[in-house]
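Every number in this text was worked out from the coordinates using simple rules, so none of it is lab data. All values reported here derive from a predicted model rather than from experimental measurement. Using ideal geometry, Cβ is built from the backbone for each residue, glycine included, and neighbour counts are taken over all protein chains shown.
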């Protein structure tokens, strides 16, 4: 059994990074995730594992420091919150174009603009549809507990290197700030066992020079590169979809929710079942690749679905695409920094799904 | 004496460094980029550090620098090369890391990355090509376009009341405690090319000392953007650019060089 600790979600990310053999963290303070950088600075990971931690002058610089270290095959990460992630989009697009592995953590707060420092899930589109310019996707993991904040750091690095693709942990202010008991995984050595043939660490006499770029002036080559990227994303859809199904087997109605909304919906499932409404919860763990097949399958057995998210309705579009019109799919969520209660969620299920369907 | 007797190692007075690839340069004839590329590759060859060098190309005319340099290279987003270099050097402190940036890249869109990288004292080399214009996009006004100078976005000459002043970023960063060597050179005459090479060599050698940024500005021409012949451009450079951006060392071994005492 691993070490048991009571930790904030943000601290769990930081501790897990050290334990996952992360080589470097570059970041810039922003609420509600500054604890990641604070924890790392206080913990002196350079003495524990040799991990580099540096406070950058901006999110723009931080993501480009990530780009540089990623070019040399290092396990590198950054974290931020919504406005900071917006600033990083240029760099993320370059990282995706150049096919570099790295981890980006977004502890989402309410927007648009400076918005609020309260939790939100309104960055779903940005995280799952690309975010910056060009046709690209991130691997997006959505933790719904402090335990998963820690565990997904390791998983995200593994997936990032498997595909040579940036991975994102899409969290929110609730998961980042709340404290839970977690079991930490055993530290793994800071050794990268993935293919290193492409890295730029100096051209040795035994190989051609390595070049890392996202530039192809020839449009036909750029099209070919885009086809290659799309094939990679298709492979992710085949091999790395993750979800959790709670009380789905006999469910008549389904909540579809991720992150902190999934925790709230777990309670709403219990409340619904007490009232005699057979509700279940499908929790996407990977938001990209999205668990569309299981949702398609479940649309054969349930009468309606309610996508619950702290946004005006973003993931609901992917749920509708997966269900493809077979059953009603509606959205409910408080947003702009307000968190919905289990009671509100259940009431919405009854109003929007149960009543109209029956 | 036959040809074979003449072509002997001891008779060679000039040889193209093998660290330049065979790819034809994409630069306009007479442009200073090609010369500066050669100087950097010669220095890397002479120091024998090819297997430990990582170069970072900018956005601009030299966006394809990696096509011409036979070393591991990375293409950075516009202005972000100093941050990219930081990420590499911090995780590979034993490697030689350099950025190659133009004036728009380094002194406009990347000013923040430049200043903070220099102020943190990253142990890297920055080569800064200043030709006073955005060459790649077709000759627009740059942060270093000198007063009165015409460009496609200052067609009547740079009016400082309306467009602001040229940024002497080299003077600015020389003041920062994180810079160890700051020099301004040019490559418009054989003598200036020799001096520029010495400065570039020093800027790479300094990385062994781990004392901060070594920064070499190379004032260069852009004969296409300036709408001049190469010879006219070099003459204009000497009379106008070098008057505004005087060549010489600004900081050596961490000490500011007194004004007027430039080497």
- Item | With Cα atoms, 0 to 90° folded angle of helix A:146-163 axis to chain A main axis | 50
- At residue A:206 and residue B:140, where each label point lies 7 Å from the Cα along Cα→Cβ, what is the point-to-point distance in nanometres? 4.7
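Just want the ordering: B:63, A:60, from fewest to most Cβ atoms lying within 10 Å of their own Cβ. Present the calculation step by step, with values, prior to reporting the outcome.
On the way: B:63 20, A:60 23.
Fewest-to-most ranking of B:63, A:60: B:63, A:60.
What FRET efficiency do you get for residue B:3 and residue B:194 if R0 is 30 Å and r is their Cβ-Cβ distance, rounded to the nearest 0.05?
Details: r = 29 Å, r/R0 = 0.98.
Between residue B:3 and residue B:194 the formula returns 0.55.
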- Starting from the Cα-Cα distance between residue A:133 and residue A:351, subtract it from 0.36 nm times their residue separation and give me the gain in nm to one decimal. 74.6 nm
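Projected area of region A:11-114, taken from the Cα convex hull and averaged over every viewing direction, in nm²? Walk me through the numbers before you get to the answer.
Details: hull surface 24.1 nm².
In nm², the orientation-averaged hull projection of region A:11-114 is 6.0.
Need one value for B:63-70: mean number of C-beta atoms belonging to other chains within 10 Å of its residues' C-beta atoms.
Per residue, the average neighbour count from other chains is 3.
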- Identify the residues of region A:94-114 with backbone N under 20 Å of a label point that sits 7 angstrom from the Cα of residue A:216 along the Cα-to-Cβ direction, or state none. A:94-101
- Is the shape of region A:116-237 best called rounded, prolate or oblate, per the rule: a/c under 1.5 gives rounded, else a/b larger than b/c gives prolate, else oblate, with a ≥ b ≥ c the square roots of the Cα gyration tensor eigenvalues? oblate
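Any chance you could tell me what percent of the C-alpha pair distances in region B:51-133 go past 17 Å?
Details: 1299 of 3403 pairs.
When every Cα pair of region B:51-133 is considered, 38 percent fall beyond 17 Å.
Just counting partner chain Cβ atoms within 10 Å, what average do the residues of peptide A:97-108 show around their Cβ?
On the way: counts 1, 2, 0, 1, 0, 0, 0, 0, 0, 0, 0, 0.
Counting other chains' Cβ atoms within 10 Å and averaging over A:97-108 gives 0.
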- Quick one: angle between helix A:82-97 and the longest Cα principal axis of chain A, in degrees between 0 and 90, rounded to 10, please. 60
- Item | q = 0.18, 0.20 Å⁻¹, region A:243-357: log10 I(q)/I(0) [Debye, one scatterer per Cα] | -0.79, -1.00
- Task: For chain A, find the longest principal axis of its Cα atoms and tell me its angle to the long axis of helix A:219-239, 0 to 90°, nearest 10.
- Result: 50
- With 5 Å bins from 0: P(r) over region B:27-255, alpha-carbon pairs, percent: 1, 7, 16, 21, 22, 17, 10, 4, 2, 0
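What fraction, in whole percent, of alpha-carbon pairs in the protein assembly as shown exceed 30 Å separation?
Numbers: 111062 of 192510 pairs.
Every Cα pair in the protein assembly as shown considered, those over 30 Å come to 58 percent.
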- Query: Over the Cα atoms of region B:1-159, what Rg and Dmax result, in angstrom?
  - Reply: 18.2, 63
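Rounded to the nearest 0.05, what FRET efficiency do residue A:301 and residue A:267 have when you use their Cβ-Cβ distance and R0 = 30 Å? It would help to have the intermediate numbers written out before the result.
Details: r = 23 Å, r/R0 = 0.76.
Working from the Cβ atoms, E equals 0.85.
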- Along each of the three principal axes of the Cα atoms of region B:129-246, give the extent in whole Å, ordering the values from largest to smallest. 47, 32, 25
- Task: Would you kindly state how much longer the chain becomes between residue B:46 and residue B:239 on full extension, computed as 0.36 nm times their sequence separation minus their alpha carbon distance, in nm to one decimal?
- Result: 66.2 nm
- Task: Could you give log10 I(q)/I(0) at q = 0.09, 0.15 Å⁻¹ for chain A, computed by the Debye formula over C-alpha point scatterers of equal weight, without solvent?
- Result: -0.49, -1.26
- The extension gain from residue A:250 to residue A:198, computed as 0.36 nm times the residue separation minus the Cα-Cα distance, is 13.8 nm
- Item | Part-to-part distance (alpha-carbon centres) for region B:35-90 and region A:261-298, which is given in Å | 51
- Item | Cβ-based exposure ranking for A:347, A:309, in which fewest neighbours within 10 Å come first | A:347, A:309
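Can you give me the relative contact order of chain B as a percent, contacts being Cα pairs under 8 Å and 6 or more apart? Spell out each step's value before the answer.
Values: 521 pairs, mean separation 46.5, N = 263.
Once divided by the residue count of chain B, the mean separation gives 18 percent.
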- Task: Measure out, as a whole number of angstrom, how far apart the alpha-carbon centroids of region A:64-123 and region B:109-178 sit.
- Result: 28
- Note on the structure: Taking only the alpha carbons of region B:5-90, the radius of gyration and the largest Cα-Cα distance, Dmax, both in angstrom, are 14.9, 51
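Using the count of nearby Cβ atoms within 10 Å as a rough guide to exposure, how do B:136, A:179 rank from fewest to most? All intermediate terms of the calculation are to be shown ahead of the outcome.
On the way: B:136 20, A:179 13.
So the ranking, lowest neighbour count to highest, is A:179, B:136.
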